[in-house]
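Engineer: The following block contains the structure, expressed as structure tokens.
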Amino acid sequence: MISAEDLIAGAAAKHAVEIPEALLPDAQDRRVLLRPLTVRDLRLIAKAVRDNDDLSGALMVRQALVDPALSLEQIGALPAGLLQFLLNEVNRISGITATEAEIVDALEDPLVQASLLLSRELGWTPEEIGRLTMGETMLHVAALRGRGG
């Protein structure tokens with residue numbers, strides 16, 4: 001069995017990432033050093049962005065960017081495409097991205113199908129659908145499919 005120390009050691013790993021030339025055409029060296037986000041990092045970020053979801057990506061990149069270290073203000077000044085690239089890399093090395101197969105599998109889940117139907121047909125947001133009980137969800141789905149009532 002793997003030891004607790006070995007599990008935790010993964011959080012200290014550093015990953016050199018090459019930024020595509022299209023995002024930094026004039027840079028001589030386009031490498032940055034990233035580290036995976038920890039559960040503690042994600043909790044702190046979630047707490048910090050409670051009132052501002054737009055800030056989460058910038059905070060995630062700031063927390064994971066080892067070299068060069070940037071302030072939140074500097075990260076806010078990055079081109080949007082570069083920030084998106086870095087965020088995708090942070091998610092990848094942190095193991096919080098889903099593969100295409102995982103996404104397809106998730107979309108086949110009956111509850112996801114019901115949520116998509118309610119969203120598409122009634123214009124409900126994920127937050128509104130999330131407040132429904134299972135029974136309420138199934139009742140609305142049945143009514144939409146003409147089996148209710």
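The values are calculated or read from the model by the stated rules, or taken from the named source; none is laboratory data. All values reported here derive from a predicted model rather than from experimental measurement. Cβ sites come from the backbone with ideal geometry, for glycine too, and all protein chains shown count toward neighbours.
Engineer: Identify the single condition in (1) modelled with pLDDT of 80 or more; (2) within 30 Å of L33 (Cα to Cα); (3) out of contact with any strand residue (DSSP E or B) (no Cβ under 9 Å at 6 or more places or on another chain); (4) not charged (D, E, K, R) that V90 does not satisfy, given that it satisfies every other one.
Structural biologist: Among (1) modelled with pLDDT of 80 or more; (2) within 30 Å of L33 (Cα to Cα); (3) out of contact with any strand residue (DSSP E or B) (no Cβ under 9 Å at 6 or more places or on another chain); (4) not charged (D, E, K, R), V90 violates only (3).
Engineer: Moving on. Can you find, within region 95-128, the residue that is nearest to A143 (Cα to Cα) among those that are of a type in the set (G, A, S), modelled with pLDDT of 80 or more and outside any helix (DSSP H, G or I)?
Structural biologist: Looking at the filtered set, the residue picked out is G123.
Engineer: What is the residue count in region 65-81 for residues that are closer than 15 Å to E18 by Cα and surrounded by 10 or more Cβ atoms within 10 Å (Cβ to Cβ)?
Structural biologist: 4
Engineer: Does any residue of region 30-52 turn out to be surrounded by fewer than 12 Cβ atoms within 10 Å (Cβ to Cβ) and at pLDDT 85 or above?
Structural biologist: Within region 30-52 (the criterion being surrounded by fewer than 12 Cβ atoms within 10 Å (Cβ to Cβ) and at pLDDT 85 or above), the answer is yes, since at least one residue qualifies.
So that you can scan it fast, the table gives a plain yes or no per residue for (1) of a type in the set (S, T, N, Q); (2) not in a helix (DSSP H, G or I):
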| residue | (1), (2) |
| --- | --- |
| A9 | no, no |
| A27 | no, yes |
| L33 | no, yes |
| L44 | no, no |
| M60 | no, no |
| V66 | no, yes |
| G81 | no, no |
| Q84 | yes, no |
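Engineer: Identify, from the list A27, A16, A9, the residue that is surrounded by 10 or more Cβ atoms within 10 Å (Cβ to Cβ), over 23 Å from the mean Cα position of the chain (by Cα) and among the small types (G, A, S).
Structural biologist: On inspection, the qualifying residue turns out to be A27.
Engineer: Out of the residues in region 46-58 that are farther than 21 Å from R92 by Cβ and outside any helix (DSSP H, G or I), which is farthest from the chain's Cα centre (by Cα)?
Structural biologist: D51
Engineer: Identify, by number, the condition in (1) without any contact (Cβ under 8 Å) to a residue 40 or more places away in the chain; (2) surrounded by 14 or more Cβ atoms within 10 Å (Cβ to Cβ); (3) not in a helix (DSSP H, G or I) that A22 doesn't meet.
Structural biologist: With (1) without any contact (Cβ under 8 Å) to a residue 40 or more places away in the chain; (2) surrounded by 14 or more Cβ atoms within 10 Å (Cβ to Cβ); (3) not in a helix (DSSP H, G or I) applied to A22, the lone miss is (2).
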